[in-house]
Amino acid sequence: MRFYRPLGQISALTFDLDDTLYDNRQVILRTEQEALAFVQNYHPSLKTLQNRDFQRMRQALRETEPEIYHDVTEWRRRAVEQTMLHAGLSAQDAALGAEASMAHFAKWRSRIDVPQETHDTLAMLAKKWPLVAITNGNAQPELFGLGDYFEFVLRAGPHGRSKPFNDMYHLAAEKLALPLGEILHVGDDLTTDVAGAIRCGMQACWIKPENADLMQTPDSRLLPHVEISRLASLTTLI
């Protein structure tokens, strides 16, 4: 544990999910493969669809609706729907196909192998402080065994703009009825988690990726209050 700024009073902790509480890389790769296969097999006209085609559709949507990226689930659903429409499906069939695709995506997205250390650490922390999850992604912690540790979960889109915008940070403080400065946010991303939290008045803990160096990391903007390399290090704050 390395300190860069003095820690003040801590009355609650907020957590990023992906790559903070578990390794998300293989989960996403596998989910993307399964999601593409589902769409390809949904209708004969989609059989030759490739990931690059789907990514072009996502980009086209963002160009026409720049704010859509804040809600990654709706962005994906709309991209699947548009892809199906372009393939010749009716509006009704495309809407139904997009919903079915998202259900399939959610099933694979939630097949996350959470380390026992994460369970143990969150259980210990939750005995002292209220815990909250704040995510830009579409992981649903209640589907992979982490839901019971959190007072509530905030997701970009339904609960405001994505981090580093301050919408979800402010909403967390409001729902907790705590000053921003008494909340410690924990995350692996120096822009969305560290800089976002500090700029809105929270304290920030950076859980650094393996072999990362704060002084050598290109997206380093603001020093966190504390840096850790293992989630379990947070228990020393109790």
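Annotations for the structure displayed:
- Gln92-Arg111 pseudo-label distance in nm [points 7 Å out on the Cα-to-Cβ vector]: 3.3
- A cut-off under 15 angstrom between Cβ atoms defines the neighbours of Thr14, and their net charge, with Lys, Arg +1 and Asp, Glu -1, is -4.
- Close amide H contacts of Leu154 (hydrogens built in the peptide plane, cut-off under 5 Å, sequence separation of 5 or more or a different chain): Ala133, Ile134, Thr135.
- Taken about its Cα centre, region 1-121 carries a charge dipole of about 280 debye when Lys and Arg each add +1 at the Cβ and Asp and Glu each add -1 at the Cβ.
- Sequence of Met57, Met1, Met202 from largest to smallest accessible area, 1.4 Å probe: Met1, Met57, Met202
- Think of the chain as having a plus end and a minus end, set by charges on the Cβ of Lys, Arg, Asp and Glu; of Ala156, Ala139, Ala212, Ala212 sits farthest toward the positive end of this dipole.
- Net dipole in debye of the chain [+1 Lys, Arg Cβ; -1 Asp, Glu Cβ; about Cα centre; nearest 20]: 160
- Residue-span extension gain [Thr64 to Arg230] - 0.36 nm each, minus C-alpha spacing: 55.7 nm
- As a ratio to 2.2 N^0.38 Å, the alpha-carbon radius of gyration for region 50-167 is 1.27.
- Note, ³J(HN,Hα) from phi for region 28-43, Karplus 6.51, -1.76, 1.60, rounded to Hz, x at Gly and Pro: 5, 4, 5, 5, 4, 5, 5, 5, 5, 4, 4, 5, 4, 8, 6, 8
- For region 176-192, the Karplus equation 6.51 cos²θ - 1.76 cosθ + 1.60, evaluated at θ = phi - 60°, returns couplings of 7, 6, 10, x, 3, x, 9, 10, 9, 9, 10, x, 9, 9, 6, 8, 6 Hz by residue, with Gly and Pro reported as x.
- Taking only protein heavy atoms and a 1.4 Å probe, the accessible area of region 93-238 is 49% carbon and sulfur.
- Linear extension gain, Thr191 paired with Ala177, 0.36 nm per residue minus alpha-carbon span: 2.5 nm
- Segment Lys128-Asp53, extension gain: residue separation times 0.36 nm, minus the distance between their alpha carbons: 22.2 nm
- Rg then Dmax, both in Å and based on the Cα atoms of region 1-61: 20.0, 60.
- In region 1-110, a dipole from Cβ-located charges (positive for Lys and Arg, negative for Asp and Glu) runs towards its positive end, and of Ile68, Thr31, Ser90 it is Thr31 whose Cα lies farthest in that direction.
- When you filter the GluC sites (Glu not before Pro) in region 178-238 for DSSP loop state and at most 15 other Cβ atoms inside 10 Å of their Cβ, you are left with Glu210.
- Tensor-based shape of region 111-238 (alpha-carbon gyration tensor, a/c under 1.5 rounded, otherwise prolate or oblate): rounded
- Solvent-accessible area per residue for region 1-145 (1.4 angstrom probe, square angstrom): 52
The values are calculated or read from the model by the stated rules, or taken from the named source; none is laboratory data. Worth saying up front: this structure is predicted, and the values here are computed from it rather than measured. Neighbour counts run over all protein chains shown; Cβ positions are idealised from the backbone, glycine included. To get the accessible areas, we keep the full protein, side chains included, count just its heavy atoms, and leave off ligands, DNA and RNA. Shrake-Rupley method; radii C 1.70, N 1.55, O 1.52, S 1.80 Å.
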